[in-house]
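A short worksheet on the structure shown next.
Where a number appears in this text, it was derived from the coordinates with a stated rule and is not lab data. What you see is a predicted model; the values in this text were computed from it and never measured. Note that we place each Cβ from the backbone using ideal geometry, even for glycine, and neighbour counts take in every protein chain shown.
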Amino acid sequence: MTTPTWAQLAYLVAAVCFILALKGLSSPRTARRGNLVGAVGAVLALVTVFVAGFAFGTLRHLVPILVALVIGLAVGAVGARRVKMTQMPQLVALFNGVGGGAAAIVAVIEVGELLGREAGPGRLVALVAGGFTIVVGSVSLSGSVVTFAKLQELMTTRPVVFPGYRPVYAPALVVTVVCTVLLVVRPSLWLALVLVALGLLLGVLLVLPVGGADVPIVISLLNAFTGLTVAASGYVLGNTLLLVAGTLVGAAGTLLTLLMARAMGRSVANTLFGALSGTSTLGGGTVSDRPVRSAGPADVAIMLGYADRVIIVPGYGLAVAQAQHTLRQLVDVLISRGTRVDYAIHPVAGRMPGHMNVLLAEAQVPYEQLKEMTEINPEFAQTDVVLVVGANDVVNPAARTDPSAPIYGMPVLDVVEARQVVFMKRSMRPGFAGIENALLFEPTTTLLFGDAKDTMGKLLAEVKAL
């Protein structure tokens, strides 16, 4: 049945909302509004589906749909309120997987529906789109689950490459392609289910060899996969809105993946398959016994209190400690005394793209204080004190000076060029990439050990007492 004109117009408005949402999310200043506009578009699309279904009597299985809707709303509401900022990357990974899995299930059902139709160009193209959706959606589901397990540290963050990895991966990939072709030529429901199993296997094999520092890129890539499967589902279902929304997510996720890989000085292929050639961004995780210089909050307060120029480098440790509010108070005190303070944001700081921007926005840090890497790097040489809070790999000078380092070639913040560096750490453990940070042993570096929130509170009190 043809979609009524008013419903098509509503879908068009929803699609425009999605486009405006992406535009808004491109800047921290407009991200909140962009997120709200996207939510309005999603609600409009959902209401339109229900109203059109009731008006024309095409809405079937109403009770299961409402039950699923209530469960989804409950899980989303609870998750939004209870998930901590440090767990946001894991939540995003699960959302990616759920989207891909849902698209794969829909594709399997639609393949079953296509079996009763007459052969023709339309059926052929629908089967191609369905096979693609089943495979890529299943890859996104299982790959996202493994990514979640790595981020949640339910499994090792090191690359996992077992002895039979290559003999399993290559044949599985070939068999998947062959089965996809067979599904198009001689469609059957059991073949669709075989593709689901093969896709799940490929997703696991795709993410297992990825090292810790590359996880943000994988999250973005799986997001692109999910978007592409939603777009393909839109074609199979004849739903223009799904096609538009999925294309937007797929395109944005692909561009973000390429930008993230460039920010780390690596190709996407190297990210996914680097462990197979011994070039993953995860080291041995050893802790050096070389001496370092450390100080207490009172000494560091003096360094900050008499500095004219200070740069803050936030990282995942700041999110773990939930010390962003205390940090903002410290910065406010320094600024009130005439110190120029900015935040240096590395593109892959944290565990997902934009993690630090969201964290600092939560603490109501003014957007103009957030400086991207390319903008802030030339200023480190003229900076009196750099305060590194929870960051590690993104300030490691080994990325530029040590060709043997697994992160060699990754663009980093030039913190090492500052006159003095204060490194807040809980311990000497390496960062998520599992390699030793050469910055810790520089003569200009002072370590301030302790929990970031507790230490930041003591530091704030000492600065106020000056």
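In this structure, Phe50 and Leu466 have a Cβ-Cβ separation that, at R0 = 45 Å, corresponds to a calculated FRET efficiency of about 0.15. What is the helix-to-structure angle for 165-185, meaning the angle in degrees between its Cα long axis and the longest Cα principal axis of the chain, kept from 0 to 90 and rounded to the nearest 10? Long axis of 165-185 versus the principal axis of the chain: about 30 degrees.
Restricting the calculation to alpha carbons of the range 326-466 gives Rg and Dmax of 14.8, 46 angstrom. 3J(HN,Hα) couplings calculated from phi for the range 303-317 with the Karplus curve 6.51 cos²θ - 1.76 cosθ + 1.60 (θ = phi - 60°) are, in sequence order, 4, 6, x, 9, 8, 8, 9, 10, 10, 9, 10, x, x, 4, x Hz; Gly and Pro show x. Cβ crowding within 10 Å ranks Leu202, Leu228, Leu73 as Leu73, Leu202, Leu228, fewest other Cβ atoms first.
Both radii come from the Cα set of the range 168-228: Rg as radius of gyration, Rh as Kirkwood radius; their ratio Rg/Rh reads 1.06. Put in line by how crowded their Cβ is, counting other Cβ atoms within 10 Å and starting with the fewest, Ser138, Ser404 read Ser404, Ser138.
Using the alpha carbons alone, the radius of gyration of the range 83-277 stands to its Kirkwood radius in an Rg to Rh ratio of 0.99.
Which of rounded, prolate or oblate describes the range 286-386 when judged by the alpha-carbon gyration tensor and an a/c cut-off of 1.5? Could the numbers behind the result be given before it?
Numbers: a/c = 1.37, a/b = 1.06, b/c = 1.30.
Judged from the Cα gyration tensor, the range 286-386 comes out rounded (a/c under 1.5).
Taking 0.36 nm per residue of sequence separation and removing the Cα-Cα distance, the Thr156/Val181 pair yields an extension gain of 5.4 nm.
When all alpha-carbon pairs of the chain are counted, what percent fall beyond 33 Å? Percent of Cα pairs beyond 33 Å in the chain: 44.
Within the chain, DSSP assigns beta bridges of which about 5% are antiparallel (rounded to the nearest 5). Relative to the current alpha-carbon distance between Arg340 and Val174, full extension at 0.36 nm per residue lengthens the span by 54.0 nm. To the nearest ten degrees, helix 88-114 and the longest principal axis of the Cα atoms of the chain are 10 degrees apart. Treating each Cα of the range 130-200 as an identical point scatterer and summing with the Debye formula, the log10 of I(q)/I(0) at q = 0.13, 0.21 Å⁻¹ comes to -0.46, -0.92. Taking Cα atoms only, the orientation of helix 62-82 departs from the longest principal axis of the chain by about 0 degrees. Considering only the Cα atoms of the range 1-123, their convex hull presents on average a projected area of 10.1 nm².
Within 10 Å of each residue's Cβ, count the other Cβ atoms and sort Phe449, Phe162 from fewest upward.
Working: Phe449 15, Phe162 10.
Final ranking by Cβ density, sparse to dense: Phe162, Phe449.
Multiplying the residue separation of Val125 and Ser404 by 0.36 nm and subtracting their alpha-carbon distance yields 95.6 nm.
Across the range 212-252, how large is the tail of the calculated P(r) beyond 14 Å, expressed as a percent of all Cα pairs? For the range 212-252, the share of Cα pairs beyond 14 Å comes to 44 percent.
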